[in-house]
Amino acid sequence: MSTVAVRASNRLADMLDWLESGAGLSPREGHFIRVESCTEDDHAVIRAELPGVDPNKDIHLSVQNDFLTIHGERREEKRDTQHSEFHYGAFSRSVRLPQGTDPSQVHATYRDGILEVTFPTAVATAEPTSIPIKRDGE
């Protein structure tokens, strides 16, 4: 039987992932995408709150070097608005995936303002592999 090593979520690890994602601290650099991750059955799931966007026009997903990157833009409609707390403009967030995640197995759906990305959980090898050590000069 094989087991999967899963990093427990904690605030420090989440903050490090956020810093690695390149998310800015300034509101002018876009807004922060809130995400959650969990495991359901034999798949890992990442959900991102993205209300008010058209997933076919405004969101682009990519997987590279074990990172899922969500790029997008929330477009502002020209209105005579007296007050708004909505965030408009470009946004981006990168989330670390398990090492060796196959990009062809990553699937995404969008419903009710939530982007859901699923992929099979990585299965670790059941048996350890012995690695021989050579001495200098042998």
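The values are calculated or read from the model by the stated rules, or taken from the named source; none is laboratory data. Since the model is a prediction, treat every value here as computed from it, not as a measurement. FYI the Cβ positions are ideal-geometry reconstructions off the backbone, even for glycines, and counts take in every protein chain you see.
Filtering the stretch 56-78 down to residues that are modelled with pLDDT of 75 or more and assigned to a loop (DSSP other than H, G, I, E, B), which residue is nearest to Ala44 (Cα to Cα)? So that I can check it myself, show each step before the final result.
Filtering the stretch 56-78 for residues modelled with pLDDT of 75 or more gives 56-75.
This time we only want the ones that are assigned to a loop (DSSP other than H, G, I, E, B), so: 65-66, 75.
Details: Asn65: 17, Asp66: 14, Arg75: 30 Å.
Among those that are modelled with pLDDT of 75 or more and assigned to a loop (DSSP other than H, G, I, E, B), it is Asp66.
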Determine whether the stretch 65-80 contains at least one residue that is within 17 Å of Val35 (Cβ to Cβ) and in contact (Cβ under 8 Å) with a residue 60 or more places away in the chain.
-> no
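Is it the case, given these coordinates, that Arg93 is closer than 19 Å to Phe32 by Cβ, touching a Phe, Trp or Tyr at 6+ places or on another chain (Cβ under 9 Å), touching a residue at least 60 places away in the same chain (Cβ under 8 Å) and crowded, with 16+ Cβ neighbours inside 10 Å?
Values: closer than 19 Å to Phe32 by Cβ: yes; touching a Phe, Trp or Tyr at 6+ places or on another chain (Cβ under 9 Å): yes; touching a residue at least 60 places away in the same chain (Cβ under 8 Å): yes; crowded, with 16+ Cβ neighbours inside 10 Å: yes.
Here the answer is yes, as Arg93 does meet what is asked.
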Taking the stretch 88-114 as the region of interest, how many residues are modelled with pLDDT of 90 or more and assigned to a loop (DSSP other than H, G, I, E, B)?
-> 3
Residue in the stretch 28-55 that is farthest from the chain's Cα centre (by Cα), counting only those that are outside any strand (DSSP E or B) and of a type in the set (A, V, I, L, M) | Val53
